[in-house]
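*Asks:* Before we start, here is the structure in question, set down as structure tokens.
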Amino acid sequence: MTRFEEFDDFRLSAPGVDWETIFCVAALLAFGTVMVFSATSSSGAGDALAAANTGELKRHLASIGLAGAAALVVYRVPLSFWFRWSGIIGGLCIILLCIVFLPVVGKSVNGARRWIQIAGLSIQASELVKVGALIFAAAFTVKRQEFMHSFSRGFAPIAIPMVVVAFLLMQQPDLGATAVVAAEIMGVLFLGGLSMNIFLSVGAVVIGFVGFMIYMTPWRLSRVLAYLDPWSEEYVLGQSYQLSHSLIAFGRGELFGVGLGGSVEKLNYLPEAHTDFIMAVIAEETGFAGVILVLFIFYWLIRRAFEIGRQAIKLERYFAGLLAEGVGLWYGVQVIINVGVASGALPTKGLTLPFVSFGGSALLSSMIAIGLLLRVDRENKILMRGGQV
């Protein structure tokens with residue numbers, strides 16, 4: 001075999017996976033598993049001598065296994081499939097958000113109707129919508145590329161389903177998911193060439209709408225007021241209870257934390273310590289160093305997503321590029337909101353920390369997005385080696 005034949009075989013051989021992305025995800029999953037166990041191990045104990053509770057840990061590991069299998073399936077599916085069926089996927093997103101309101105299938109928890117219950121399994125519809133909205137927005141942007149500077153032909157057609165999705169999410173109610181989905185769609189449109197004037201105008205309308213909804217909803221307004229003064233006697237045992245205990249956890253952690261398993265706030269003081277406020281437990285047990293480490297891994301993962309996206313765009317694969325960059329946007333926005341809420345930089349809003357928090361639906365959607373990201377990278381490499389996708 002000549003040197004040129006060897007080179008051809010190298011170019012056409014199956015490319016490897018992106019180990020940087022896999023390492024970041026594996027590190028976050030491993031760290032999250034440890035922290036979920038730490039945050040829940042004492043929840044079932046009647047006293048200090050009682051055996052540690054492993055029920056939530058087992059459920060978390062099962063969720064990771066299921067989400068990993070889903071990511072593998074998505075990784076094996078060509079991106080052309082998602083592009084071809086993007087319109088149907090967008091429609092399914094709206095149907096999913098409608099199903100949660102059905103009396104038999106829909107499930108209500110703590111006054112929020114966000115879950116679909118099938119065969120004993122509960123799926124949070126908004127988490128799957130995050131994936132579907134990303135695929136739909138990326139495909140729409142590519143199909144309407146030449147009209148991105150026109151409001152009537154470039155933005156208006158996607159504004160209608162966007163408003164419908166936002167309306168259905170607000171009826172659940174789920175302001176956090178609404179913010180993430182809106183950021184995904186607007187971010188992808190902007191990266192795809194949406195006019196700056198349209199982007200800023202729509203952004204101002206969205207911010208105004210969110211502000212109006214907060215002002216018109218007493219319990220949302222009280223959350224904002226409590227965020228502004230969490231130690232007030234009026235709020236400290238009410239609306240700012242979670243925030244005040246999260247801040248205590250951050251303060252106790254100092255530089256290197258009190259040690260794994262040493263958190264006091266997780267002992268029935270801080271609600272949702274294993275889901276929305278898991279960063280507070282991380283801060284208390286591992287300190288500033290642990291928080292910075294987690295944020296650095298997220299930074300590396302998001303950076304890698306944009307690198308993969310830019311490579312796809314250089315190869316003139318615009319749908320793939322927007323999809324990869326959209327994944328990076330999604331993670332970035334959700335991490336900022338979650339960490340901002342836990343640290344008191346943003347008003348309290350329920351959003352999980354991707355790959356770290358407990359939650360089957362959140363893990364499923366995040367891992368599916370990783371499957372899409374790895375698929376973009378795989379097809380990039382195939383094309384760069386002279387193959388066909």
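*Asks:* Just add up the charged neighbours of Glu184: K/R +1, D/E -1, any other residue whose Cβ is under 15 Å from the Cβ of Glu184.
*Replies:* Taking every Cβ under 15 Å from that of Glu184, the sum is -2.
*Asks:* Report, as a whole number in µm² per second, the diffusion coefficient that Stokes-Einstein gives for the range 221-379 at 10 °C and 1.306 mPa s using the Kirkwood radius over alpha carbon pairs.
*Replies:* Answer from the Stokes-Einstein relation: 95 µm²/s.
*Asks:* Please sort by residue number the GluC sites (Glu not before Pro) in the range 216-293 whose DSSP state is loop and whose Cβ has at most 11 other Cβ atoms within 10 Å.
*Replies:* Those that pass, being in a loop and sparsely packed, are Glu233.
*Asks:* While we're here: Taking a ≥ b ≥ c as the square roots of the Cα gyration tensor eigenvalues, with a/c under 1.5 meaning rounded and otherwise prolate when a/b beats b/c, else oblate, which class fits the range 93-232?
*Replies:* Oblate is the answer for the range 93-232, as a/c is 1.5 or above yet b/c matches or exceeds a/b.
*Asks:* Treating each Cα of the chain as an identical point scatterer and ignoring solvent, apply the Debye formula and state log10 I(q)/I(0) at q = 0.07, 0.08, 0.13 Å⁻¹.
*Replies:* So the normalised log intensities are -0.34, -0.44, -1.14.
*Asks:* Please give the net charge around Arg220, taking every other residue with its beta carbon less than 15 angstrom from that of Arg220, where Lys and Arg add +1 and Asp and Glu add -1.
*Replies:* Once all neighbours under 15 Å are counted, the net charge is +1.
*Asks:* Ok, one more. Could you give the accessible area per residue of the chain, probe 1.4 Å, as a whole number in Å²?
*Replies:* Per residue, the chain has 47 Å² of solvent-accessible surface.
*Asks:* Considering the options Gln145, Pro173, Leu79, tell which one lies farthest towards the positive end of the dipole of the range 50-176, charges being +1 on Lys and Arg and -1 on Asp and Glu at the Cβ, about the Cα centre.
*Replies:* The one lying farthest along the dipole's positive direction is Leu79.
*Asks:* Cβ under 9 Å from Ile248's Cβ, Ile248 left aside: what net charge do those residues give with Lys, Arg +1 and Asp, Glu -1?
*Replies:* Every neighbour counted, the sum reads -1.
*Asks:* In the range 49-105, which trypsin sites (Lys or Arg not before Pro) fall in coil by DSSP and have 11 or fewer other Cβ atoms within 10 Å?
*Replies:* Within the range 49-105, the qualifying trypsin sites (Lys or Arg not before Pro) (loop, at most 11 other Cβ atoms within 10 Å) are Arg76.
*Asks:* Right, here's the next one. Rank-order 375-387, 132-144 by packing density, defined as the average count of other C-beta atoms within 10 Å over each peptide's residues, highest first.
*Replies:* Answer by packing, highest mean first, reads 132-144, 375-387.
*Asks:* Which residues among the range 300-336 fall inside the zone where the amide N is under 18 Å from a point 7 Å beyond the Cα of Met384, along Cα→Cβ?
*Replies:* 301-325
*Asks:* Still on this model: Carbon and sulfur together cover what percent of the accessible area of the range 85-216 at a 1.4 Å probe radius?
*Replies:* Result for the range 85-216: 73 percent of the exposed heavy-atom area is carbon or sulfur.
*Asks:* Please work out whether the range 302-389 counts as rounded, prolate or oblate from its C-alpha gyration tensor, where a ≥ b ≥ c are the square roots of the eigenvalues and a/c under 1.5 means rounded, while otherwise a/b larger than b/c means prolate and anything else oblate?
*Replies:* prolate
*Asks:* Let me ask another. Please give, to one decimal in nm, the separation of the simple spin-label points placed at Lys143 and Leu228, each 7 Å out from Cα toward the Cβ.
*Replies:* 4.4 nm
*Asks:* Evaluate the charge dipole of the chain about its Cα centre and quote only its size in Debye, nearest 20, assuming +1 on the Cβ of each Lys and Arg and -1 on the Cβ of each Asp and Glu.
*Replies:* 1040 debye
*Asks:* Please list 175-182, 320-327, 355-362 highest first by mean number of surrounding beta-carbon atoms within 10 Å per residue.
*Replies:* Ranking, from highest mean packing down: 320-327, 355-362, 175-182.
The values are calculated or read from the model by the stated rules, or taken from the named source; none is laboratory data. Since the model is a prediction, treat every value here as computed from it, not as a measurement. All Cβ positions, glycine included, derive from the backbone under ideal geometry; neighbour counts span all protein chains shown. The protein model used for the area step is the full one, side chains on, heavy atoms only, and it has no ligands, DNA or RNA in it. Shrake-Rupley method; radii C 1.70, N 1.55, O 1.52, S 1.80 Å.
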